[in-house]
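Data first, discussion second: the structure below is written as structure tokens.
Just so it is clear, none of the values below were taken in a lab; they were calculated from the coordinates. Predicted, not measured: the structure shown is a model, and the values here were computed from it. All Cβ positions, glycine included, derive from the backbone under ideal geometry; neighbour counts span all protein chains shown.
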Amino acid sequence: MRIILLIFVSILLTSSGLHAQYDEKEDGIRTRYRPGILWYFTGYKPFKAGKLHKYDRFIIDLTYNDWHGDRKAFSSPLSSIGVNVAFMFDLPLTQGNTFGLGIGLGYSHYKNRSKIAFTRDLDLETTTIADLAQDPKKAKFAANYFEIPLELRFRTKGFNHFKFMVGGKIGIKANSFSKTVEETNGQRITTKTKRFPDANLLRYGITARIGIRNWAIYGAYYFSPLFKNEESVQLYPFSLGVSVSLF
């Protein structure tokens, strides 16, 4: 909840309504007015007027997380909310930065609140869905990843530019766990499962963003299943959400 609140405050700070309105005519290539907070900060020296404009260097994605395979797609509850954060280098390949590359480092938190419980078989090194007498009162599966994103970036000219980005990313799993809460005879029983024997350490997939200025609709699909043993439950994650670029 604290993460979501922090993201919400950041989004408010970057909204266009909090920035002054300018009447100057844009030249379509360079402009000293930039969307987002910290837009003039370069890290070690002041921004030079007339320098080629760069975008989308710190991106936050707020996503709805789901999976498909042995479970039907879009059956996960809307509370399955995750977050991605990426620090990106914007590498222009044209004079007006209408085409370029983006590459960087990122962190991803995947969370799914489907009411299922996972069980491990350490001897067979498999992970399956537990056969419970009734659905848990609460349940979630969560995983954290460190990633390398790479994007092809297409933009129109000007301050209020339209943008389309397509690419992919590869990541390494830091940890994953499932947690269930059940009520039996009036007692609340919480079970947390970690260290799945066949958890996929690598995650790789494709991503896309389409939007205007520092806002975009985001989507990601991963070709790597959560569990790599063919006898395990087969679940392929995907995410849909919104992106905001802070500078």
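Some points to look at:
- Amide H to amide H, with H built 1.01 Å from N, SER224 comes under 5 Å of TYR204, counting only residues 5 or more places away or on other chains.
- Sorting GLU183, GLU151, GLU125 by the number of Cβ atoms found within 10 Å of their own Cβ, with the fewest placed first, yields GLU183, GLU125, GLU151.
- Those trypsin sites (Lys or Arg not before Pro) in segment 100-188 that DSSP places in a loop and that have at most 11 other beta carbons within 10 Å: none
- Going from the fewest other Cβ atoms within 10 Å to the most, the residues TRP215, TRP67 appear in the order TRP215, TRP67.
- Near LEU93, once Lys and Arg are set to +1 and Asp and Glu to -1 for all other residues with Cβ below 13 Å from its Cβ, the sum equals +1.
- Karplus-based coupling profile of segment 120-126, in residue order and whole Hz: 9, 10, 5, 6, 7, 6, 10, with θ = phi - 60° in 6.51 cos²θ - 1.76 cosθ + 1.60 and x standing for Gly or Pro.
- 19 Å tail of the calculated P(r), segment 110-247, as % of Cα pairs: 60
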